1. Given Cβ point charges of +1 (Lys, Arg) and -1 (Asp, Glu) and nothing else, what value in debye, to the nearest 20, does the dipole of the stretch 2-120 about its Cα centre take?
2. Apply the Kirkwood formula to the stretch 63-111: the hydrodynamic radius equals the inverse of the mean of 1/r over all pairs of different alpha-carbon atoms; give it in Å with one decimal.
3. Cβ neighbours within 10 Å, averaged per peptide: list 41-50, 81-90 in order, most packed at the top.
4. What distance in nm lies between label points placed 7 Å from Cα along the C-beta direction at GLU74 and THR35?
5. Full-extension gain between ARG59 and ARG97, please, as 0.36 nm times their residue separation minus the C-alpha to C-alpha distance.
6. Which far-off residues, 5 or more places away or on another chain, put their amide H under 5 Å from the one on ARG105, with H placed in the peptide plane?
Amino acid sequence: MTQVFVRRGGTQTNGCAVVLEPGANLQTGESKFKTLFGGITTLEADLLLIAATIFAVDRCLCRGEREEFVRGIEISIPVVNIGRLQPVRPILEDLLRTLSNDAWRVTFRQESGKTEDTNGAQPSSGSTLLFSGEWIHLPQLSSSVVTTARCNSLATQLVISEQALCKMNWYLC
């Protein structure tokens, strides 16, 4: 099992050979996000870090000689909003396992910072469509746009990079 340790500064490695650090060897898109939206919450920063880590680890860890080789991947990520993210960890692991056919184990570590208020989050119905592929790379991921459309009376969010949007010729509904 390959162990990956993510840190936001400092020198801690937790005994892992693979260490990722935003701004050093991991691009999260936080600065572009701040420029586009005028700021960033700790929850948004947590989500960007999680997404960038998973993307980088999936792309950089070799499968081995055979295509069917299952990788064992354990990642430890520092998050401020651990109370909101911990409940979705098993769902995230199942999703990653389904998409990559690898054995993922994600652990979140508590990091200091101001947690987000949970009162503002309202559940909504609908679905989310994620468009990706070989032509979407991490720098473009940070410039993702979200569009909401009405399709069969359900709100559908499209999360797609601007470059991918230009390369695709598609119609919704």
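We did not get these values from a lab; they are worked out from the coordinates using the rules stated. Worth saying up front: this structure is predicted, and the values here are computed from it rather than measured. Using ideal geometry, Cβ is built from the backbone for each residue, glycine included, and neighbour counts are taken over all protein chains shown.
1. Numbers: 14 positive and 15 negative charges, 39 e Å.
In debye, rounded to 20, the stretch 2-120 gives about 180.
2. Details: mean 1/r = 0.0848 Å⁻¹.
Radius from the Kirkwood sum: 11.8 Å.
3. Numbers: 41-50: 19.0, 81-90: 14.6.
Listed from highest to lowest mean packing, they are 41-50, 81-90.
4. 3.9
5. Numbers: separation 38, 0.36 × 38 = 13.68 nm, distance 1.47 nm.
Contour length minus Cα-Cα distance gives 12.2 nm.
6. Amide H neighbours of ARG105: ILE73, GLU74, ILE75.
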